[in-house]
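The values are calculated or read from the model by the stated rules, or taken from the named source; none is laboratory data. In this text, all values refer to a predicted model and were calculated from it rather than measured experimentally. Glycine also receives a Cβ, built like all others from the backbone with ideal geometry; neighbour counts cover every protein chain displayed.
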């Protein structure tokens with residue numbers, strides 16, 4: 001293909017259509033499978049430099065916890081009104097107990113969250129002062145889960161799909177996403193006619209062929225295609241390298257849809273035999289991009305199962321991302337906030 005990138009000049013939807021899709025979304029059920037973690041935020045302020053080393057001293061004010069990784073995808077779905085179930089592997093520890101409590105408070109089913117005594121629950125601790133992240137500390141297990149755990153996850157997923165519309169797989173390089181799990185999910189979704197979205201981690205070199213939706217960012221897309229980025233600063237609509245990457249991924253992996261997120265430049269919606277569509281960002285302010293990719297895959301998938309076209313789903317997920325990057329920390333967008341972002345236009 002030699003399609004040129006076409007820009008969607010006004011990346012918007014009629015508010016009445018947004019209300020219709022959000023109403024339909026509230027009757028949907030989506031399963032999320034992947035690496036689940038606990039996000040800890042320590043909030044404080046800096047008033048001096050340490051006399052021990054040239055580093056800031058953060059004076060503690062408060063802390064907060066929320067589900068991260070695939071858990072954040074589930075949070076985004078639940079906040080938009082979907083019934084949500086989460087599947088993954090955690091440790092048999094106090095952090096896992098706290099994570100389950102948080103998930104239940106968010107209205108997310110976690111019967112598919114398996115306790116593995118040989119693992120520790122992944123925790124990301126972010127220290128934030130004056131709306132700036134000072135440092136992040138990770139405590140985690142990165143070893144792949146064993147075959148028995150993978151098979152347990154697949155059995156639970158198969159059972160869960162009896163009353164679900166879609167599955168989202170989130171790979172965050174913590175060991176849950178294996179080729180066996182991916183292949184099993186493909187088979188189960190194909191047999192049940194369920195939509196399958198995957199947020200990939202190219203370093204794992206998994207076979208990602210024939211997925212309903214792939215959502216790499218620009219860097220990940222180049223890694224997946226095995227191509228060099230020769231036009232990193234080019235405007236997206238004239239980004240020759242990006243177009244080559246999109247064409248190669250569509251040709252080799254044959255996803256139904258490919259959505260390449262481009263940060264503050266928006267996103268590129270790609271479909272075989274069609275010109276790629278550039279949807280410019282609608283974000284007004286950017287405080288924190290943490291978790292924006294989780295919001296995109298959650299909102300896009302939910303829009304599709306609610307009856308949206310691919311373009312409508314891309315526009316809706318673009319608006320959802322615009323909401324969350326205007327917040328500090330791993331954030332979500334509510335249905336009300338999403339609708340308000342369209343009403344403002």
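Observations
- Across region 230-254, the number of residues qualifying as buried (at least 18 other Cβ atoms within 10 Å of the Cβ), in contact with a helix residue (DSSP H, G or I) (Cβ under 6 Å, 6 or more places away or on another chain) and either modelled with pLDDT under 95 or farther than 25 Å from residue 170 by Cβ (or both) comes to 1.
- Restricting region 109-134 to residues that are under 30 Å from residue 44 (Cβ atoms) and touching a helix residue (DSSP H, G or I) at 6+ places or on another chain (Cβ under 7 Å), the residue that is surrounded by the fewest Cβ atoms within 10 Å (Cβ to Cβ): 123
- Note on region 87-108: among residues that are touching a helix residue (DSSP H, G or I) at 6+ places or on another chain (Cβ under 7 Å) and part of a loop (DSSP other than H, G, I, E, B), the one that is surrounded by the fewest Cβ atoms within 10 Å (Cβ to Cβ) is 107.
- Selection status of residue 21, in contact with a helix residue (DSSP H, G or I) (Cβ under 9 Å, 6 or more places away or on another chain) and more than 30 Å from residue 143 (Cβ to Cβ): yes
- Residue match in region 42-60 (condition: closer than 18 Å to residue 136 by Cβ, outside any helix (DSSP H, G or I) and touching a helix residue (DSSP H, G or I) at 6+ places or on another chain (Cβ under 6 Å)): no
- Within the option set 306, 320, being surrounded by fewer than 24 Cβ atoms within 10 Å (Cβ to Cβ) and touching a residue at least 40 places away in the same chain (Cβ under 8 Å) holds for one residue only, 306.
- Evaluation of residue 318 against (1) outside any helix (DSSP H, G or I); (2) modelled with pLDDT under 95; (3) touching a helix residue (DSSP H, G or I) at 6+ places or on another chain (Cβ under 8 Å) (one fails), failing number: (1)
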